[in-house]
1. Calculate, in nm to one decimal, what residue 27 and residue 70 gain on full extension: separation in residues at 0.36 nm each, minus their alpha carbon distance.
2. The range 92-157: D in µm²/s via Stokes-Einstein (Kirkwood Rh, Cα pairs, 20 °C, 1.002 mPa s)?
3. Less than 10 Å Cβ to Cβ from residue 141, Lys/Arg counted +1 and Asp/Glu -1: what total charge do the surrounding residues give?
4. For the chain, find the longest principal axis of its Cα atoms and tell me its angle to the long axis of helix 58-70, 0 to 90°, nearest 10.
5. Any idea what the relative contact order of the chain is, in percent, if you count C-alpha pairs under 8 Å spaced at least 6 apart?
6. Taking the 0 to 90 degree range and rounding to the nearest ten, how far is the long axis of helix 15-29 tilted relative to the main principal axis of the chain, both from C-alpha atoms?
7. Within the range 65-170, list the GluC sites (Glu not before Pro) lying in a DSSP loop whose Cβ has at most 13 other Cβ atoms in a 10 Å radius.
8. Using a cut-off of 9 Å between beta-carbons, work out the net charge of the residues near residue 39 (Lys and Arg +1, Asp and Glu -1, residue 39 not included).
Amino acid sequence: MTSYALWAGTSVSALRAADRLVLDLAAELGLPEAAFGCTHFLRGDRPRVALSFTLPSEPLLRTAEERLRTLGYEVTPGVPDEAGRAVVYPGFGSITGTVTVGELLAGSAIDRVTVLGSPGQPSADQTLVTHSHVRPQWHGDELVLAAMPAVGGTLVPFEVPDPTPCCADH
């Protein structure tokens with residue numbers, strides 16, 4: 001299936017703010033279920049987060065580009081890099097609460113789950129507590145969710161929704 005992509009730079013440097021912006025723009029653009037909205041770190045003198053949108057048709061791409069330009073974004077064709085972190089993707093809205101790895105893979109665009117410190121993939125009946133925050137990343141052509149072991153033999157996504165800033169207690 002051919003897909004069409006564009007990206008826009010932002011002044012945002014925090015992931016939570018970038019997530020909110022992707023979700024807000026996806027709603028504003030009326031993105032279809034088959035669309036992807038990702039964040040990408042741009043390094044350099046002024047590190048920040050860029051947003052990319054991948055759409056299933058050229059007319060949708062043109063409409064999204066026009067709307068983003070109207071909102072004041074500079075839009076560039078393609079994606080800024082191949083390591084996007086998916087915020088919006090097919091099935092993302094249904095991955096809430098506790099699901100099995102099999103349910104996650106069957107009900108979303110996520111291709112694979114890896115577990116930190118484990119050589120293999122988890123079984124399909126392994127439970128994953130999502131905290132309604134599942135942010136897989138692109139690795140080549142696969143959308144991969146990194147997970148880690150948690151209490152009671154469950155898994156949780158490696159990225160947590162409200163991370164504690166380093167040295168927060170100092």
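1. Result: 14.0 nm gained on full extension.
2. In µm²/s, the coefficient is 183.
3. -3
4. Between the helix axis and the principal axis of the chain, the angle is about 70 degrees.
5. Reported as a whole number, the value is 20 percent.
6. Roughly 60 degrees, rounded to the nearest 10.
7. Filter output for the range 65-170: 74, 82.
8. Net local charge, residue 39 excluded: +1.
Taken together, the values in this text are just the output of simple stated rules run on the coordinates, not laboratory data. No experiment lies behind these values; they were computed from the predicted model shown. A quick note on method: Cβ atoms are made from the backbone with ideal geometry, for glycine too, and the neighbour counts reach across all protein chains shown.
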